[in-house]
């Protein structure tokens with residue numbers, strides 16, 4: 001690992017603090033993630049597990065009530081945490097672009113497509129109106145929009161959902177960013193368009209050498225799209241590593257349960273498997289591991305002490321006492337007996 | 001070289017054409033009010049050509065002439081003459097100009113101040129929002145007419161001052177409505193996308209928020225036009241508006257009010273009808289625009 005990663009989050013924490021300072025919601029807690037250039041990282045977790053907050057933290061766009069309380073965001077060798085706002089604006093849209101949860105509503109109804117696709121170019125590169133327009137046509141072509149010359153002068157309401165989506169993709173890549181964060185970009189789409197859009201994102205990623213962070217709760221998409229996977233639970237990354245390794249042998253009971261809850265065609269189960277219980281209240285986390293109350297494999301230590309991030313031999317990490325060195329062997333030994 | 005239009009573009013073009021149906025053929029379009037407003041505007045613009053006499057010069061020899069259809073009336077003075085022998089019709093015609101200029105510019109002044117402050121307050125939030133909204137609350141607690149009289153007493157009556165006073169009195173209505181609109185707009189995805197794309201607050205307010213609230217501002221302006229005209233007439237009637245001998249409708253009513261008791265009804269009734277028609281028309285148009293533009297705004 002001599003090469004420096006494109007993005008490296010080091011013990012990053014972002015908390016929401018209530019006005020009186022009495023309630024602290026640990027939306028992102030001690031997250032450490034590395035992402036190399038051109039890699040794809042999937043972030044999965046239930047709603048409220050801090051996925052979207054993590055994305056906003058990287059962009060430094062947290063709502064006023066939240067702030068980064070610790071850690072570093074190293075991007076292209078610089079720490080984004082202490083960049084002034086003016087410099088952050090240079091990063092947003094230019095070096096790190098983002099696709100929002102509802103791309104259908106992401107276009108301003110009053111402006112032409114060309115105007116909106118060209119906007120980041122004009123804001124960041126000072127491109128002239130005419131130049132931005134020409135480049136917008138090229139961008140539309142690159143996201144496979146038929147007859148871009150006509151489309152560029154039209155308004156969002158004249159486009160189909162799939163097209164609007166691809167246009168939002170075009171806005172995302174307009175300034176050739178190094179990192180694209182897609183926050184559940186397909187949840188509002190029907191399945192056929194979803195597949196098309198995912199393919200398009202992959203092609204764009206390959207062509208432009210983009211690193212991609214894909215936030216979703218759909219494990220199927222992760223399996224198809226991503227090299228790396230980070231599973232979030234209650235603001236923490238409970239397990240991360242190469243997708244194939246995690247899918248084949250999940251180390252954390254939560255990951256195991258998550259994978260088990262995917263319905264399969266071959267199943268003969270009458271009922272879908274669900275994870276019992278509710279995700280914890282982030283403002284009053286249990287003393288030990290936050291998953292312990294729902295964990296089928298929890299033992300005494302889990303309830304008393306939160307596990308640190310253990311590195312596994314195959315480039316994975318897991319926050320679980322079961323993954324602690326020694327414990328795994330002894331459990332294996334027990335199983336063998 | 002032959003250019004073959006792809007069928008897709010052809011249908012799109014057709015769809016665009018059919019969508020731009022003429023405005024006045026829309027359902028429920030207030031044809032009569034708009035005609036009245038256009039007529040008043042026309043009269044105001046061409047007052048010099050249309051008015052038979054100078055509105056400010058009269059002759060005491062022919063004072064208090066009744067309208068043409070009453071005994072003693074003459075075709076020379078269709079709507080009669082006032083207490084100093086000025087032609088009422090000519091004064092009404094020039095009065096239209098005063099009402100139009102004062103009404104439109106005052107609405108514009110109020111609209112610009114109110115819209116800008118509303119956007120700043122709604123988008124920036126925090127202390128800017130607090131300041132603007134507390135000022136607005138205070139403003140709205142003051143009775144508009146009394147406040148306007150107070151301001152007029154300080155700066156003195158003149159046409160320009162009346163415009164500024166009305167603008168200052170009525171900007172708060174815009175600020176309120178526009179702020180509410182902005183609060184919902186700034187949660188919309190396209191605004192968030194602009195933030196994520198690195199646009200500065202200034203760019204977002206100017207390019208993404210302002211064009212989206214202009215519709216509401218226009219509707220509000222149409223509704224405010226009536227209010228502003230009535231206030232202008234009231235101020236003139238009370239003697240703190242457009243200074244005499246300029247012909248303003250409110251002023252004409254004030255001048256004629258003594259004559260009302262002795263039967264010179266035409267001095268007050270005609271300007272009264274003019275004010276009523278103009279305000280009613282503006283309100284009807286405003287109501288229609290509000291209904292017409294609002295649901296579309298939600299659909300977009």
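Here, each number is a calculation from the coordinates, and none is a lab measurement. Because the structure is a prediction, the values reported are computed rather than measured. Here the Cβ positions follow ideal geometry from the backbone for every residue, glycine too, while neighbour counts run over all protein chains shown.
Side notes on the structure shown:
- Angle in degrees between helix A:327-336 and the longest Cα principal axis of chain A, rounded to the nearest 10: 60
- For chain B: relative contact order, % (alpha-carbon pairs under 8 angstrom, 6 or more apart): 21
- 0 to 90° range, to nearest 10: angle between helix B:7-19 axis and chain B longest Cα axis: 30
- Gain upon complete extension [residue B:290, residue B:159; 0.36 nm per residue less C-alpha separation]: 44.2 nm
- A crude spin-label estimate for the pair residue A:134 and residue B:146, with each label 7 Å from Cα along the Cβ direction, gives 6.6 nm.
- Label-point gap, in nm, between residue A:247 and residue B:138 - each point 7 angstrom along Cα→Cβ: 6.5
- Choice from A:165, A:116, A:134 showing the highest fluctuation, given a GNM over chain A with Cα pairs closer than 10 Å: A:134
- Computed helical MRE - 222 nm, chain B, DSSP H runs ≥ 4 contributing -39500 (n - 2.57), nearest 500: -23000 deg cm²/dmol
- If you plug the beta carbon distance of residue A:264 and residue A:196 into 1/(1 + (r/R0)^6) with R0 = 30 Å, you get a FRET efficiency near 0.80.
- Length-normalised contact order of the range A:106-252 in % [C-alpha pairs under 8 Å, at least 6 apart]: 18
- Estimated FRET transfer efficiency (residue A:312, residue A:11; beta-carbon r; R0 25 Å; 0.05): 0.85
- Here residue B:75 and residue B:48 are evaluated by their C-beta separation; at R0 = 25 Å the FRET efficiency comes out at 0.70.
- Modelled this way, with points 7 Å down the Cα-to-C-beta line, the labels at residue B:238 and residue A:227 are 7.6 nm from one another.
- Relative contact order [Cα under 8 Å, 6+ residues apart], chain A, whole percent: 19
- Burial ordering of A:157, B:208, A:208, fewest other beta-carbon atoms within 10 Å first: A:157, A:208, B:208
- Cα centroid separation, the range A:22-71 to the range A:231-252 (Å): 16
- Here the extension length gained between residue A:125 and residue A:300 equals 57.2 nm, from 0.36 nm per residue of separation less the Cα-Cα distance.
- Principal-axis tilt of helix B:31-45 within chain B, Cα atoms, nearest 10 degrees: 60
- For the range B:232-263 versus the range B:66-100, the spacing of their alpha-carbon centroids is 14 Å.
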